[in-house]
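Take a look at the structure below.
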Amino acid sequence: MSENTLDATFDRILMSNIFKNRDVMRPTYIPSELPHREQQITRVGLILAAALKGGTPSNLFIYGKTGTGKTAVVKYVIEKLSERASKVESKLKVNHAYINCRIIDTTYRVLARLAESVNVEIPFTGLPTDEVYFRFKDKLDCESQLLIIVLDEVDKLVEKSGTDVLYNLTRINSSLKQARVSIVGITNDLKFKDYLDPRVLSSLSEEELVFPPYTALELQDILKQRAEMGFNPGVIDAGVINLCAALAAREHGDARRAIDLLRLAGECAEREGAARVTEDHVRRSMFQYEQDIVSELLKSLPIQSKVVLLSVYLLERNKVPEIITGDIFNIYLKLAELIKIDSLTQRRISDLINELDMHGLINAAIINKGRYGRTKKIKLAVSPELVRACLEKDFRLRRIFTLESSFSNIGG
């Protein structure tokens, strides 16, 4: 690309009149009003409001699909609570620590982040986990304060590191003299409690709140609010917001998806030098968005799920006509041995196949084989090229791709 061409590209973006404030189109932006979440805001507020009178709020666990406003509501309520607490006389100072457990997913890193929230510096590695916990606890208890710990996507933490950190945090108040801790857990997994150790369940004493998906009409209101803040007047064609809302409502009422799609459509129009955002920009952006979502999902899968998916990929690549659970399990065992991970039982592999099916990465249809019983007929639901491109980035799986030719007779 010549310098003149690049300058022309920059000029086109600078001259564009599409966006007024692009940042408000990011899902991480928390507006001053959250449409259609008044009931949930009130419920979370009632639970956490005990802090204003020096009490310790109950632990709270929030469930709901992606894009239903869980994180936004919790951050919104805590911000308002902190503002109010600074204006009233309370026995406890109100602080909070937000942890995204998809990113901070080990016991050490969670405790280090909590220590940082009370101004204790912890090295990235090197200390025993117990030492990090005691440094955090001791500094926390130096003054009368309530620390609200928000564990977003807490299921990822439990999946990666077990329940020890949750157990310690739910029992910490019994060893504190001045300070108090309240936990807010957020998860997309409605069955999350099924994975918890009974000793953790017995100490949670939690309240629960389920966030329903947004309807298409509710998504329209959310998009109109963001569009007014983020786009210049008159640049969005009639029908664009309704189309974005309808497409997102089809995917379980995901507001994050709807907002992303509207932003991508605006960026598509901007790159083309178009004066307006049209429904065609939405449809073209939708394809790219779906590819990006699948890529992110593939990268975030646990290693065992990746190996199961890779087994399906290898079977399809070798044109196995009818892939069933037993075929996948046999290849999975070979791959697990090759990359030196513990192998799971066939029943657990069947569960992982169901999860991959639920994520839309594979199609697993149950077929009846007469006196031989029932089994699953399985195939990839996404592009094999995309599966390979994403899984190949995992250093643990690279060796498999270098030896791919050695799997040329699988399933035969």
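The values are calculated or read from the model by the stated rules, or taken from the named source; none is laboratory data. This one's a predicted model, so the numbers in the text were calculated from it and none came from an experiment. Methodologically, a virtual Cβ is constructed for each residue, glycine included, from the backbone with ideal geometry; neighbour enumeration extends over all protein chains shown.
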_With the requirement that a residue be surrounded by fewer than 19 Cβ atoms within 10 Å (Cβ to Cβ) and within 22 Å of Ser295 (Cβ to Cβ), what does the range 355-365 give you?_
Glu355, Asp357, Met358, His359, Gly360, Asn363
*Set Lys53, Lys65, Lys20: member being over 30 Å from Ala265 (Cβ atoms) and among the basic types (Lys, Arg)*: Lys53
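Quick grid of which residues meet (1) buried (at least 20 other Cβ atoms within 10 Å of the Cβ); (2) of a type in the set (Phe, Trp, Tyr); (3) in contact with a strand residue (DSSP E or B) (Cβ under 8 Å, 6 or more places away or on another chain); (4) free of Cβ contacts under 8 Å to residues at least 12 places away in the same chain:
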site	(1), (2), (3), (4)
Asn188	no, no, yes, no
Asp194	no, no, no, yes
Pro198	no, no, no, yes
Ser202	no, no, no, yes
Arg226	yes, no, no, no
Met229	no, no, no, no
Ala238	no, no, no, yes
Ile241	yes, no, no, no
*What number of residues in the range 296-316 are in a helix (DSSP H, G or I), surrounded by fewer than 16 Cβ atoms within 10 Å (Cβ to Cβ) and not hydrophobic (A, V, I, L, M, F, W, C)?*
3
_If I filter the range 36-62 down to residues being at pLDDT 95 or above and exposed (fewer than 15 other Cβ atoms within 10 Å of the Cβ), which single residue comes out as nearest to Ile222 (Cα to Cα)?_
Glu38
*asked:* What are the pairs with Cβ atoms under 6 angstrom where one residue, in the range 113-126, is closer than 10 Å to Lys139 by Cβ and the other, located anywhere, is β-branched (Val, Ile, Thr)? Sequence gap at least six, or different chains.
replied: Ala115/Ile122
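Quick grid of which residues meet (1) in the same structural domain as Ser117 (by TED's automatic domain parsing); (2) buried (at least 19 other Cβ atoms within 10 Å of the Cβ); (3) in contact with an Asp or Glu (Cβ under 8 Å, 6 or more places away or on another chain):
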site: Thr9; (1), (2), (3): no, no, no
site: Asp23; (1), (2), (3): no, no, no
site: Pro27; (1), (2), (3): no, no, yes
site: Glu33; (1), (2), (3): no, no, no
site: Ala72; (1), (2), (3): yes, yes, no
site: Val88; (1), (2), (3): yes, no, no
_Residues located in the range 267-279, provided they are part of a helix (DSSP H, G or I) and at pLDDT 95 or above_ = Glu279
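Here is a yes/no grid of residues against (1) closer than 22 Å to Leu60 by Cα; (2) of a type in the set (Lys, Arg); (3) assigned to a helix (DSSP H, G or I):
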| position | (1), (2), (3) |
| --- | --- |
| Arg113 | yes, yes, yes |
| Val120 | no, no, no |
| Glu131 | no, no, yes |
| Ile149 | yes, no, no |
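Each row is one residue, and each column tells you yes or no for (1) under 25 Å from Gln40 (Cβ atoms); (2) surrounded by fewer than 18 Cβ atoms within 10 Å (Cβ to Cβ); (3) in contact with a Ser or Thr (Cβ under 8 Å, 6 or more places away or on another chain); (4) of a type in the set (Lys, Arg).
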{"site": "Glu143", "(1), (2), (3), (4)": "no, yes, no, no"}
{"site": "Ile149", "(1), (2), (3), (4)": "yes, no, yes, no"}
{"site": "Val158", "(1), (2), (3), (4)": "yes, no, no, no"}
{"site": "Thr170", "(1), (2), (3), (4)": "yes, no, yes, no"}
{"site": "Leu176", "(1), (2), (3), (4)": "no, yes, no, no"}
*Restricting the search to the range 327-354, which residues are closer than 16 Å to Leu301 by Cα and surrounded by fewer than 16 Cβ atoms within 10 Å (Cβ to Cβ)?*
Ile341, Arg348, Asp351, Asn354
_Qualifying positions in the range 355-410 - of a type in the set (Asp, Glu), part of a helix (DSSP H, G or I) and at pLDDT 85 or above_ = Glu355, Asp357, Glu385
*Just one of Ala51, Ala72 is in contact (Cβ under 8 Å) with a residue 40 or more places away in the chain, part of a helix (DSSP H, G or I) and in contact with a Pro (Cβ under 8 Å, 6 or more places away or on another chain); which is it?*
Ala51
*asked:* Could you list, ordered by first residue, the pairs with Cβ atoms under 9 Å in which the first is in the range 21-34 and on the phi < 0 side of the Ramachandran plot and the second is of a type outside the set (Val, Ile, Thr) and part of a loop (DSSP other than H, G, I, E, B), at least 6 apart or interchain?
replied: Asp23/Tyr29; Val24/Pro31; Pro27/Gly67; Leu34/Gly69
